[in-house]
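Peer 1: Please see the structure below; I have some questions.
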Amino acid sequence: MAIQPTPDPRSLDVRSEQAVPAPRGAADDLAPTFTDADLVELRRSVAGPVLTAGDDGLAAEVAAWNVAVQHTPALAVGATCSADVVAAVSWAVAHGLKVAVQATGHGPVRDAAGALMVTTHRMQGVFIDPGTRIARVQAGVQWATVMRAAAEYGLAGLCGSSSGVGVVGYTLGGGMGSLGRLHGFAADHVVAAEIVPADGRLRRVTADSDPELFWALRGGKGNFGIVTALEFELVPVPSLFGGGIFFAADDAPAVLHRFRQWAPTLPEEVGTSIAILRLPPMEELPPPLRGQTVVHLRFAYTGADHAEAERLLSPMKTAGTILLGYVGPMRTDEMDGIHMDPVDPLPSWDKGMLLAELPEEAVDALLEAAGPQVDVPLIMVEIRLMGGALGRPAAVPNAVAGRAGAFSMMVLGPGVPELAQVVPAVGKGVLTALMPWCAPGVLTNFLGDVTGPAEVLNAWPTDAQQRLVAVKRAVDPAGVFPFGHAF
Ligand SMILES: Cc1cc2nc3c(=O)[nH]c(=O)nc-3n(C[C@H](O)[C@H](O)[C@H](O)COP(=O)(O)OP(=O)(O)OC[C@H]3O[C@@H](n4cnc5c(N)ncnc54)[C@H](O)[C@@H]3O)c2cc1C
């Protein structure tokens, strides 16, 4: 049942309040109700906008980058500061509403139907202390802002393939990028988090203040409340040699087999991945790539010696016919040029797994399931090299899942209604073809489409699952935060 449009509550006489039943969310087990007077109270307690179902601006306020998910919350609070988040969470709990949070919408899992959605994109504060190399960022900040600011000091954050992704959501899920083999996951570098859990009280969580919650937050995603700010170490990156090379589809077998032999020999200074891309016939793409199936090699080297980078890359340069590419000196705030992920919103479906190894048979299985000669409705099938610091525990241990992988694999297809049955079936079929070589666990950020909380928890080993559930019960006993990759 949808809420009817209401007049601006600021002009309402609060004495003539009328109960408005909020729509029931999938996860609701209470019967939330709020009145116009309750909305007036909420609007008075936050600086940002409050939009309810029926308000013209609601759809735009909660629009996700991944347009396959269209959120239909009962209301949205556009938070401008942590006090707004405190007020929104407290109000939601008092009125029996579940709470969802969105920064950019790069990682929605399901519609936050019937919930109070806190949008954080107005919270754009970034402060960098070059002396300590600590960055403090508010909940709505995207990696592009951090990378630009950090580059001024020769520093970088451990961002992923796209700088349009939100720092907080990415980091809470671990966060694996091109510098990860040398420096680990983004979550490994977090030194403090400010969070509003279900009790509506803002707390600053550090290894000393609350070790168990600090462990769980760094990898356990958005299960424990809304993080209003993160503080984390930046890493020095005096020099970067990176980019990507697109190979012709016909050479996919040669390129992928060369990759499986070559990648494991690389030092930790190199991050690399390879993807079979089925590119759309978009004008924006250069002619050699437009509408083509190609193999895309990504490479990032952070050593000082660029001649060494050339030497390391050279075996791949002769692996097949190069259609296009640039690998060379690059600023750290230009790292989007390594993966060249799409920038504009896209309807997408994705799912990932980990591989313990990538032998000849695994590459053959991949080519048979999703190689260029097979007609599959997938945009990308990607394999990233892991290992190095990604395989080692953080200095202050955390809940990052998936360290056992030697490679991470991800399939991504169009998340459009016409292919709603086909894409997941085909995508899961490709992952199944590689199951003989799978490693335990999944990177939380690449869990993608899940059947429910049990599948999310399976990303971790049993002992970590028990710890995470215990922390969740302690800070969110009533399950106020059931969205995203929730358990
Ligand atoms: C194009 C693209 C490239 C990507 N590349 C990488 C990559 O290289 N490496 C990698 O590790 N991941 C990558 N990801 C996955 C990405 O890190 C996750 O989807 C991440 O959750 C996105 O965060 P967001 O805030 O941008 O998205 P949103 O959809 O806004 O948030 C997704 C989820 O993050 C959590 N969250 C967000 N903000 C908060 C908050 N303030 N408090 C608590 N929880 C919060 C919530 O659970 C929320 O549901 C990529 C995704 C895309 C679409």
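The values are calculated or read from the model by the stated rules, or taken from the named source; none is laboratory data. Not measured: the values here are computed from a predicted model. No Cβ is skipped: glycine too gets one built from the backbone with ideal geometry, and neighbour counts run over all protein chains shown. Areas reflect the complete protein model, heavy atoms only, side chains present, ligands, DNA and RNA absent. Shrake-Rupley method; radii C 1.70, N 1.55, O 1.52, S 1.80 Å.
Peer 1: Rounded to the nearest 20 debye, what is the charge dipole size of the chain about its Cα centre when +1 sits on each Lys and Arg Cβ and -1 on each Asp and Glu Cβ?
Peer 2: 620 debye
Peer 1: Got a sec? Charge dipole of the chain, +1 on Cβ for Lys and Arg, -1 for Asp and Glu; which of Met380, Phe487, Ser273 is way out at the positive end?
Peer 2: It is Phe487.
Peer 1: While we're on this one: Straight-line reach from Lys428: which lysines fall under 25 Å, measuring Cα to Cα and dropping same-chain residues less than 8 apart?
Peer 2: Lys221, Lys351
Peer 1: How long are the three semi-axes of the equivalent ellipsoid of the range 422-487, in whole Å, if each is the root of 5 times an eigenvalue of the C-alpha gyration tensor, listed from largest down?
Peer 2: That gives 26, 15, 7 Å for the three semi-axes.
Peer 1: Shifting gears a bit: Percent of accessible area on the range 388-487 owned by carbon and sulfur, 1.4 Å probe?
Peer 2: Exposed carbon and sulfur together represent 64 percent of the surface.
Peer 1: A follow-up question, please. Relative to the longest principal axis of the chain, what angle (0 to 90°, nearest 10) does the C-alpha long axis of helix 82-94 take?
Peer 2: Compared with the principal axis, the helix lies near 60 degrees.
Peer 1: On to the next question. Compute the long axis of helix 252-262 from its Cα atoms, compare it with the longest principal axis of the Cα atoms of the chain, and write down the angle in degrees, 0 to 90, nearest 10.
Peer 2: It works out to around 90 degrees.
Peer 1: Give the angle, between 0 and 90 degrees and rounded to the nearest 10, that separates the Cα long axis of helix 422-433 from the longest principal axis of the Cα atoms of the chain.
Peer 2: Here the helix axis deviates by roughly 50 degrees.
Peer 1: Using +1 at the C-beta of Lys and Arg and -1 at the C-beta of Asp and Glu, which of Val411, Val442, Leu431 has the Cα lying farthest in the positive direction of the dipole of the range 373-477?
Peer 2: Positive-most Cα among the choices belongs to Val442.
Peer 1: Let me ask another. Arranged from highest to lowest average of other beta-carbon atoms within 10 Å per residue, in what order do the peptides 62-74, 211-223 appear?
Peer 2: 211-223, 62-74
Peer 1: I'd like the distance separating the alpha-carbon centroids of the range 149-190 and the range 75-103, in whole Å.
Peer 2: One Cα centre to the other: 27 Å.
Peer 1: Where the accessible area of the range 172-219 is counted over protein heavy atoms with a 1.4 Å probe, how much of it, in %, is carbon and sulfur?
Peer 2: The computed percentage sits at 50.
Peer 1: Continuing with the same structure: Based on the inverse mean of 1/r over its pairs of different Cα atoms, what is the Kirkwood hydrodynamic radius of the chain, in Å?
Peer 2: Taking every pair of different Cα atoms in the chain, averaging 1/r and inverting gives 23.2 Å.
Peer 1: If each DSSP helix of 4+ residues adds -39,500 (n - 2.57) and the sum is divided by the residues in the chain, what number results at 222 nm, nearest 500 deg cm²/dmol?
Peer 2: Taken over the chain, the calculation gives -7000 deg cm²/dmol.
Peer 1: In debye, nearest 20, what is the charge dipole magnitude of the range 166-276 about its Cα centre with +1 on Lys and Arg Cβ and -1 on Asp and Glu Cβ, if you could check?
Peer 2: In debye, rounded to 20, the range 166-276 gives about 180.
Peer 1: Place the peptides 143-156, 421-434 in order of packing, highest mean first, counting for every residue the other Cβ atoms within 10 Å and averaging per peptide.
Peer 2: The most tightly packed comes first, giving 143-156, 421-434.
Peer 1: Whole number in Å², please: accessible area per residue of the chain, 1.4 Å probe, ligands, DNA and RNA not counted.
Peer 2: 39 Å²
Peer 1: Next question, about the same structure. Given 0.36 nm per residue, what is the gain on full extension from Val422 to Ser45 after removing their alpha carbon distance, in nm?
Peer 2: Length difference between fully extended and current span is 131.1 nm.
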